[in-house]
1. Quick one: which residues, 5 or more positions from Thr120 or on another chain, have an amide H under 5 Å from its amide H? H modelled 1.01 Å from N in the peptide plane, none for Pro or chain starts.
2. Kyte-Doolittle mean at least 0.5 and Cα extent at least 24 Å along the axis: which DSSP H helices of the chain qualify?
3. Given Cα pairs under 8 Å that are at least 6 residues apart, what percent is the relative contact order of the chain?
4. Hey, can you find the accessible area per residue of segment 113-204 for me, probe 1.4 Å, expressed in square angstrom?
5. Sorted by mean Cβ packing within 10 Å, highest first, what order do the peptides 178-184, 91-97 take?
6. Under 8 Å for C-alpha pairs, at least 6 residues apart: give me the relative contact order for segment 91-149, rounded to a whole percent.
7. How compact is segment 32-179 by the rule of thumb for globular proteins, expressed as Cα Rg over 2.2 N^0.38 Å?
8. Taking loop as defined by DSSP and a crowding limit of 14 other beta carbons within 10 Å, which GluC sites (Glu not before Pro) in segment 59-138 fit?
Amino acid sequence: MDTLEAIRENLMKGQVPKVKELIQTALDEGAGVEKILTEGLIAPMSVIGEQFKKEEIYLPEVLFAARAMLAGMDILQPLMAGAGVEPIARVALGTVKGDIHNIGKNLVGIMLKGAGFEVTDLGIGVPPEKFVDAAQEGASLIGISALTSTTMLGMKPVIDALEAAGLKDKIKTMVGGAIVTQAYADQIGADGYASDAVSAVARAKGLLGLD
Ligand code: B12
């Protein structure tokens, strides 16, 4: 088995130390940072995302794999500037005010990072003005997460605040979270919606004309 294959296999099993060790081996063998990132980290994480979507695996397995992916990213990220891997766009992600769920948002962030986006995590319980600040600071896509039927009502105020700040036409907005639907996204004037972290990457690229 080659090193990249071994990274993929261990990432999917959530083997953090092994993934770190193998990434170092791949670097020592001369594999490029971008190749390790796309073939060693992003590819298996996409498989994990698909398996979770089809209910073939459970959340803890996703989180273990995600942790291994993040550990790998920690090694590769400092090398990326030198390797000429520029972020494809800047995204700011947050869970709306009043909502403390962050697992799904974090997964979306990981997958976007894996796909080459620079991701600013605004955290949980994020008020509209923080999203506006992030857009003013250069994020071209604002991702808003909400997990309950009460807190999802907090998504429209974010979009309204971006509109009031004159930013709505300059940036894109994308919403998601278990109870959010495309119909709801349309209703509140969000530019995009995705039902899971894998589709979120495709949707983000589509919205920004990067596909
Ligand atoms: C884990 C969990 C918790 C944990 C959260 C831990 C954490 N750090 O996040 C804890 C225990 C703290 C919790 C608390 C509460 N929870 Co809760 N929680 C859940 C649970 C079981 C899983 C959520 C989860 O992480 N799923 C796994 C991730 C991977 O999936 P996901 O979040 O949907 O995210 C995916 C997509 O939705 C999408 N996505 C997510 N965000 C975004 C953003 C963008 C931009 C895009 C494009 C896509 C996207 O991509 C993600 C990855 O594929 C759900 C049940 C469920 N089936 O969803 C209930 C659930 C969401 N919780 C619920 C409730 C009611 C609560 C509480 C109010 C309970 C209480 N009475 O105290 C509190 C909320 C407190 C608050 N103010 O927020 C309800 C909401 C019901 C409703 N319709 O309103 C649910 C549905 C459970 C239920 N059936 O009753 N919860």
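The values are calculated or read from the model by the stated rules, or taken from the named source; none is laboratory data. Computed from a predicted structure; not experimentally measured. Neighbour counts are summed over all protein chains in view; Cβ atoms, including those assigned to glycine, are modelled from backbone coordinates with ideal geometry. Keep in mind that these areas ignore ligands, DNA and RNA; they rest on the heavy atoms of the full protein, side chains included. Shrake-Rupley method; radii C 1.70, N 1.55, O 1.52, S 1.80 Å.
1. HN-HN under 5 Å from Thr120: Val91, Ala92, Leu93.
2. Details: long enough: 59-83 (35 Å, 1.12).
Qualifying helices: 59-83.
3. Numbers: 358 pairs, mean separation 36.0, N = 211.
Result for the chain is 17 percent.
4. Numbers: 3910 Å² over 92 residues.
Result: 43 Å² per residue.
5. Values: 178-184: 14.3, 91-97: 25.9.
The packing order, highest mean first, is 91-97, 178-184.
6. On the way: 92 pairs, mean separation 31.4, N = 59.
After rounding, I find 53 percent.
7. Values: Rg = 16.0 Å, N = 148, 2.2 N^0.38 = 14.7 Å.
Taking the Cα Rg and dividing by 2.2 N^0.38 Å, one obtains 1.09.
8. On the way: sites: Glu61, Glu118, Glu129, Glu137; in loops: Glu137.
Answer by residue number: Glu137.
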